[in-house]
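These notes are about the structure you will find just below.
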Amino acid sequence: MGRLDGKVIVLTAAAQGIGRATAIAFAREGAKVIATDINESKLQELEKYPGIQTRVLDVTKKKQIDEFANEIERVDILFNVAGFVHHGTILDCEEKDWDFSMNLNVRSMYLMIKAFLPKVRYAHKSGNIINMSSVASSIKGVVNRCVYSTTKAAVIGLTKSMAADFIQQGIRCNCVCPGTVDTPSLQERIQARPNPEEARSDFLKRQRTGRFATAEEIALLCVYLASDESAYITGNPVIIDGGWSL
Ligand code: NAD
(Lines give C-alpha, C1' and ligand atoms only; values in the text may rest on other atoms or scores of the structure.)
Protein backbone atom coordinates (compact mmCIF):
# COMPACT_ATOMS: atom_id res chain seq x y z
CA MET A 1 0.00 0.00 0.00
CA GLY A 2 1.39 3.40 -1.00
CA ARG A 3 0.86 6.48 1.16
CA LEU A 4 -0.66 8.31 -1.82
CA ASP A 5 -2.63 5.48 -3.44
CA GLY A 6 -5.47 6.77 -5.59
CA LYS A 7 -4.45 10.45 -5.41
CA VAL A 8 -4.17 12.54 -8.56
CA ILE A 9 -1.37 15.11 -8.21
CA VAL A 10 -0.46 18.01 -10.52
CA LEU A 11 2.89 19.67 -9.97
CA THR A 12 4.84 22.45 -11.71
CA ALA A 13 8.56 22.83 -12.40
CA ALA A 14 9.03 19.06 -12.30
CA ALA A 15 11.84 18.68 -14.85
CA GLN A 16 14.68 19.09 -12.35
CA GLY A 17 15.58 19.75 -8.72
CA ILE A 18 12.94 19.56 -5.98
CA GLY A 19 10.05 19.24 -8.44
CA ARG A 20 11.62 16.23 -10.15
CA ALA A 21 12.52 14.46 -6.91
CA THR A 22 9.01 15.08 -5.58
CA ALA A 23 7.28 13.80 -8.73
CA ILE A 24 9.25 10.55 -8.41
CA ALA A 25 8.53 10.27 -4.66
CA PHE A 26 4.80 10.91 -5.20
CA ALA A 27 4.62 8.21 -7.89
CA ARG A 28 6.56 5.75 -5.73
CA GLU A 29 3.84 6.16 -3.09
CA GLY A 30 1.12 5.22 -5.55
CA ALA A 31 -0.08 8.63 -6.80
CA LYS A 32 -1.06 9.33 -10.38
CA VAL A 33 1.28 12.24 -11.11
CA ILE A 34 0.91 14.85 -13.85
CA ALA A 35 4.34 16.46 -13.96
CA THR A 36 4.62 19.78 -15.79
CA ASP A 37 7.48 22.08 -16.75
CA ILE A 38 8.53 24.48 -19.49
CA ASN A 39 11.53 22.26 -20.38
CA GLU A 40 10.07 19.54 -22.62
CA SER A 41 13.19 17.40 -23.15
CA LYS A 42 14.12 17.15 -19.46
CA LEU A 43 10.48 16.60 -18.53
CA GLN A 44 10.24 13.58 -20.85
CA GLU A 45 12.88 11.75 -18.78
CA LEU A 46 10.18 11.35 -16.12
CA GLU A 47 7.96 9.28 -18.42
CA LYS A 48 10.01 6.16 -17.58
CA TYR A 49 8.65 6.20 -14.02
CA PRO A 50 5.40 4.25 -13.61
CA GLY A 51 2.60 6.56 -12.50
CA ILE A 52 4.05 9.75 -14.02
CA GLN A 53 2.68 11.44 -17.12
CA THR A 54 4.11 14.73 -18.35
CA ARG A 55 2.78 17.89 -19.90
CA VAL A 56 4.57 21.02 -21.05
CA LEU A 57 3.30 24.05 -19.14
CA ASP A 58 4.59 27.59 -18.75
CA VAL A 59 3.15 28.76 -15.43
CA THR A 60 3.40 32.41 -16.43
CA LYS A 61 0.86 31.88 -19.24
CA LYS A 62 -2.77 32.10 -18.11
CA LYS A 63 -4.14 30.69 -21.37
CA GLN A 64 -1.95 27.57 -21.13
CA ILE A 65 -2.92 27.06 -17.49
CA ASP A 66 -6.65 27.41 -18.19
CA GLU A 67 -6.47 25.02 -21.16
CA PHE A 68 -4.61 22.47 -19.03
CA ALA A 69 -7.13 22.76 -16.17
CA ASN A 70 -9.99 22.23 -18.62
CA GLU A 71 -8.42 18.93 -19.72
CA ILE A 72 -8.34 17.54 -16.17
CA GLU A 73 -11.38 16.10 -14.48
CA ARG A 74 -10.18 15.75 -10.91
CA VAL A 75 -7.14 16.76 -8.89
CA ASP A 76 -6.56 15.81 -5.25
CA ILE A 77 -3.30 17.68 -4.75
CA LEU A 78 -1.81 20.69 -6.50
CA PHE A 79 1.88 21.36 -5.81
CA ASN A 80 3.15 24.74 -7.04
CA VAL A 81 6.92 24.44 -7.25
CA ALA A 82 8.06 26.93 -9.92
CA GLY A 83 10.25 29.77 -8.70
CA PHE A 84 13.36 31.76 -9.62
CA VAL A 85 16.18 33.18 -7.46
CA HIS A 86 17.30 36.72 -8.30
CA HIS A 87 20.65 37.53 -6.67
CA GLY A 88 21.09 40.99 -5.17
CA THR A 89 19.87 43.77 -2.94
CA ILE A 90 17.14 46.24 -3.89
CA LEU A 91 19.87 48.32 -5.62
CA ASP A 92 20.65 45.43 -7.98
CA CYS A 93 17.01 44.72 -8.69
CA GLU A 94 15.74 46.52 -11.81
CA GLU A 95 12.02 46.82 -12.46
CA LYS A 96 12.25 44.01 -15.01
CA ASP A 97 13.84 41.72 -12.37
CA TRP A 98 11.14 42.63 -9.86
CA ASP A 99 8.36 41.97 -12.40
CA PHE A 100 9.91 38.69 -13.60
CA SER A 101 10.23 37.33 -10.06
CA MET A 102 6.76 38.44 -8.99
CA ASN A 103 5.33 36.94 -12.16
CA LEU A 104 7.04 33.55 -11.92
CA ASN A 105 7.13 33.11 -8.15
CA VAL A 106 3.76 34.55 -7.08
CA ARG A 107 1.39 35.33 -9.97
CA SER A 108 1.90 31.79 -11.32
CA MET A 109 0.58 30.35 -8.04
CA TYR A 110 -2.41 32.69 -8.12
CA LEU A 111 -3.18 31.55 -11.69
CA MET A 112 -2.66 27.84 -10.97
CA ILE A 113 -4.72 27.83 -7.78
CA LYS A 114 -7.56 29.80 -9.35
CA ALA A 115 -7.69 27.48 -12.37
CA PHE A 116 -7.40 24.24 -10.39
CA LEU A 117 -9.47 25.10 -7.30
CA PRO A 118 -12.73 23.84 -8.86
CA LYS A 119 -11.04 20.49 -9.58
CA VAL A 120 -9.52 20.27 -6.10
CA ARG A 121 -12.72 21.47 -4.46
CA TYR A 122 -15.09 18.96 -5.94
CA ALA A 123 -12.73 15.99 -6.01
CA HIS A 124 -13.23 14.36 -2.63
CA LYS A 125 -13.81 17.29 -0.28
CA SER A 126 -10.27 16.56 0.86
CA GLY A 127 -8.33 18.70 -1.58
CA ASN A 128 -4.83 19.77 -0.80
CA ILE A 129 -2.63 22.59 -2.12
CA ILE A 130 1.09 22.82 -1.42
CA ASN A 131 3.14 25.86 -2.40
CA MET A 132 6.92 26.24 -2.55
CA SER A 133 8.22 29.04 -0.35
CA SER A 134 11.64 29.33 1.33
CA VAL A 135 13.17 30.32 4.67
CA ALA A 136 14.40 33.36 2.70
CA SER A 137 11.00 35.04 3.11
CA SER A 138 9.19 36.48 6.13
CA ILE A 139 10.99 33.77 8.16
CA LYS A 140 14.56 35.01 7.76
CA GLY A 141 16.33 38.04 6.29
CA VAL A 142 18.96 36.77 3.85
CA VAL A 143 21.54 38.99 2.13
CA ASN A 144 21.18 39.46 -1.63
CA ARG A 145 17.73 37.89 -1.76
CA CYS A 146 15.59 41.08 -1.82
CA VAL A 147 12.97 40.35 -4.46
CA TYR A 148 13.23 36.59 -3.97
CA SER A 149 12.44 36.86 -0.24
CA THR A 150 9.62 39.31 -1.02
CA THR A 151 8.02 36.78 -3.36
CA LYS A 152 8.45 33.87 -0.96
CA ALA A 153 6.91 35.91 1.89
CA ALA A 154 3.97 36.54 -0.44
CA VAL A 155 3.66 32.78 -0.95
CA ILE A 156 3.31 32.35 2.82
CA GLY A 157 0.54 34.99 2.85
CA LEU A 158 -1.22 33.31 -0.07
CA THR A 159 -0.95 29.94 1.69
CA LYS A 160 -2.43 31.15 4.96
CA SER A 161 -5.26 32.97 3.23
CA MET A 162 -6.13 29.90 1.11
CA ALA A 163 -6.13 27.74 4.25
CA ALA A 164 -8.43 30.16 6.08
CA ASP A 165 -10.85 30.65 3.17
CA PHE A 166 -11.33 27.00 2.23
CA ILE A 167 -10.98 25.03 5.47
CA GLN A 168 -14.76 24.60 5.71
CA GLN A 169 -14.72 22.94 2.30
CA GLY A 170 -12.15 20.40 3.41
CA ILE A 171 -9.26 21.95 1.48
CA ARG A 172 -5.86 22.23 3.14
CA CYS A 173 -3.06 24.55 2.04
CA ASN A 174 0.51 24.50 3.34
CA CYS A 175 3.85 25.71 2.03
CA VAL A 176 7.32 24.26 2.20
CA CYS A 177 10.20 26.50 3.36
CA PRO A 178 13.55 24.88 2.56
CA GLY A 179 17.03 26.16 3.39
CA THR A 180 19.69 25.61 0.72
CA VAL A 181 19.01 22.58 -1.45
CA ASP A 182 21.51 21.00 -3.84
CA THR A 183 19.74 21.38 -7.19
CA PRO A 184 20.88 22.27 -10.72
CA SER A 185 19.90 25.91 -10.20
CA LEU A 186 21.95 26.13 -6.97
CA GLN A 187 24.98 24.83 -8.89
CA GLU A 188 24.30 27.43 -11.62
CA ARG A 189 24.09 30.20 -9.02
CA ILE A 190 27.43 29.09 -7.56
CA GLN A 191 29.09 28.91 -10.98
CA ALA A 192 27.72 32.35 -11.93
CA ARG A 193 29.61 34.06 -9.08
CA PRO A 194 33.07 35.58 -9.73
CA ASN A 195 34.68 33.03 -7.38
CA PRO A 196 32.60 29.82 -7.42
CA GLU A 197 34.70 28.06 -4.74
CA GLU A 198 34.22 30.97 -2.35
CA ALA A 199 30.52 31.14 -3.22
CA ARG A 200 30.09 27.44 -2.48
CA SER A 201 31.88 27.82 0.85
CA ASP A 202 29.67 30.87 1.71
CA PHE A 203 26.52 28.87 0.94
CA LEU A 204 27.78 25.98 3.09
CA LYS A 205 28.80 28.23 5.99
CA ARG A 206 25.22 29.35 6.52
CA GLN A 207 24.04 25.74 6.92
CA ARG A 208 24.56 24.62 10.51
CA THR A 209 24.56 21.02 9.33
CA GLY A 210 27.63 21.73 7.17
CA ARG A 211 25.88 20.36 4.11
CA PHE A 212 23.09 21.25 1.71
CA ALA A 213 19.73 19.49 1.80
CA THR A 214 19.10 17.01 -0.99
CA ALA A 215 16.06 17.39 -3.23
CA GLU A 216 15.01 13.92 -2.06
CA GLU A 217 14.87 15.11 1.58
CA ILE A 218 12.51 17.92 0.58
CA ALA A 219 10.46 15.42 -1.45
CA LEU A 220 9.91 13.25 1.66
CA LEU A 221 8.37 16.22 3.48
CA CYS A 222 6.16 16.89 0.45
CA VAL A 223 4.95 13.26 0.49
CA TYR A 224 3.94 13.73 4.13
CA LEU A 225 2.13 17.01 3.40
CA ALA A 226 0.37 15.45 0.40
CA SER A 227 -0.73 12.38 2.33
CA ASP A 228 -3.62 12.00 4.76
CA GLU A 229 -1.02 11.53 7.52
CA SER A 230 -0.89 15.34 7.70
CA ALA A 231 -4.70 15.77 7.62
CA TYR A 232 -4.66 18.07 10.67
CA ILE A 233 -2.00 20.43 9.26
CA THR A 234 -3.12 23.49 7.31
CA GLY A 235 -1.96 27.09 6.84
CA ASN A 236 1.60 26.24 7.84
CA PRO A 237 4.92 27.38 6.44
CA VAL A 238 6.77 24.13 7.15
CA ILE A 239 10.48 24.81 7.64
CA ILE A 240 13.06 22.27 6.43
CA ASP A 241 16.40 24.08 6.64
CA GLY A 242 18.83 22.05 8.75
CA GLY A 243 18.60 24.70 11.48
CA TRP A 244 19.57 27.68 9.28
CA SER A 245 16.76 29.86 10.65
CA LEU A 246 17.47 29.03 14.33
P1 NAD B 1 15.47 24.54 -10.27
O2 NAD B 1 15.58 26.04 -10.17
O3 NAD B 1 16.73 23.75 -10.38
O4 NAD B 1 14.47 24.17 -11.46
C5 NAD B 1 13.41 24.99 -11.73
C6 NAD B 1 12.52 24.35 -12.79
O7 NAD B 1 11.52 25.32 -13.09
C8 NAD B 1 13.23 24.01 -14.09
O9 NAD B 1 12.93 22.68 -14.47
C10 NAD B 1 12.65 25.01 -15.08
O11 NAD B 1 12.55 24.51 -16.41
C12 NAD B 1 11.27 25.28 -14.47
N13 NAD B 1 10.69 26.54 -14.90
C14 NAD B 1 11.30 27.73 -15.06
N15 NAD B 1 10.44 28.65 -15.54
C16 NAD B 1 9.24 28.01 -15.68
C17 NAD B 1 7.97 28.42 -16.14
N18 NAD B 1 7.74 29.68 -16.55
N19 NAD B 1 6.95 27.51 -16.13
C20 NAD B 1 7.17 26.24 -15.72
N21 NAD B 1 8.38 25.79 -15.29
C22 NAD B 1 9.40 26.68 -15.26
O23 NAD B 1 14.61 24.02 -9.05
P24 NAD B 1 14.87 24.06 -7.49
O25 NAD B 1 16.19 24.68 -7.13
O26 NAD B 1 14.55 22.70 -7.05
O27 NAD B 1 13.75 25.09 -7.00
C28 NAD B 1 12.40 24.72 -7.05
C29 NAD B 1 11.61 25.63 -6.12
O30 NAD B 1 12.12 25.50 -4.79
C31 NAD B 1 11.67 27.11 -6.46
O32 NAD B 1 10.42 27.72 -6.18
C33 NAD B 1 12.72 27.63 -5.50
O34 NAD B 1 12.58 29.00 -5.23
C35 NAD B 1 12.42 26.78 -4.28
N36 NAD B 1 13.54 26.68 -3.35
C37 NAD B 1 14.75 26.21 -3.77
C38 NAD B 1 15.81 26.17 -2.86
C39 NAD B 1 17.17 25.69 -3.28
O40 NAD B 1 18.14 25.90 -2.52
N41 NAD B 1 17.32 25.03 -4.43
C42 NAD B 1 15.62 26.59 -1.54
C43 NAD B 1 14.36 27.05 -1.15
C44 NAD B 1 13.33 27.10 -2.06
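The values are calculated or read from the model by the stated rules, or taken from the named source; none is laboratory data. Computed from a prediction, not measured in an experiment: that's the story for all the values here. With ideal geometry, Cβ positions are generated from the backbone for all residues, glycine too; neighbour counts draw on all protein chains shown. Ligands, DNA and RNA are stripped out before the accessible areas are found, and what is left, the full protein with its side chains, is counted by its heavy atoms. Shrake-Rupley method; radii C 1.70, N 1.55, O 1.52, S 1.80 Å.
The Cβ shell under 11 Å around residue 140 holds other residues with a net charge of +2, Lys and Arg each +1, Asp and Glu each -1.
If the chain were replaced by its equivalent ellipsoid, with semi-axes equal to the square roots of 5 times the Cα gyration tensor eigenvalues, what would those be, largest first, whole Å? Each step should come with its number before you reach the end.
On the way: eigenvalues 156, 72, 68 Å².
Value: 28, 19, 18 Å, ordered largest first.
If the chain linking residue 205 and residue 74 were pulled fully straight, counting 0.36 nm for each residue of separation and taking away their Cα-Cα distance, it would gain 42.7 nm.
Find the eigenvalues of the gyration tensor of the Cα atoms of the stretch 166-229, then list the square roots of 5 times those eigenvalues as equivalent ellipsoid semi-axes, largest first, in whole angstrom.
Ellipsoid half-lengths, sorted descending, are 33, 12, 10 Å.
Solvent-accessible area per residue in the chain equals 47 Å², computed with a 1.4 angstrom probe and all protein chains kept. Taking amide H positions as modeled 1.01 Å from N, with prolines and chain starts lacking one, the residues under 5 Å from residue 145 and 5 or more places away or on another chain are 88.
Taking 28 Å as the limit for the C-alpha separation, the pairs 114/205; 48/96; 61/119; 61/140; 63/160; 62/96 exceed it in the case of 114/205; 48/96; 61/140. Backbone geometry of the stretch 211-228 corresponds, through the Karplus equation with coefficients 6.51, -1.76 and 1.60 at θ = phi - 60°, to 3J(HN,Hα) couplings of 8, 7, 6, 9, 4, 5, 5, 5, 4, 5, 5, 5, 4, 4, 5, 7, 8, 6 Hz, x marking Gly and Pro.
Over all projection directions, the Cα-based convex hull of the stretch 1-97 averages an area of 7.5 nm².
Estimated purely from DSSP H runs of n ≥ 4, each contributing -39500 (n - 2.57), the mean residue ellipticity at 222 nm for the chain is -12500 deg cm²/dmol once divided by its residues. Give me the net charge of residue 166's neighbourhood, meaning all other residues with Cβ under 10 Å from the Cβ of residue 166; Lys, Arg count +1, Asp, Glu -1. Net of charged neighbours comes to +1.
At full extension, residue 214 and residue 100 could sit 38.4 nm farther apart than now, given 0.36 nm per residue minus the alpha carbon distance. Farthest toward the positive end of the dipole of the stretch 184-242, out of 237, 185, 195, is the Cα of 195, where the dipole comes from beta carbon charges about the Cα centre. Counting 0.36 nm for each residue step from residue 91 to residue 143 and taking away their Cα separation leaves a gain of 17.5 nm. Computed in the context of the full set of protein chains, the accessible area of the stretch 1-146 at 1.4 Å probe radius has 53% of its extent on carbon or sulfur.
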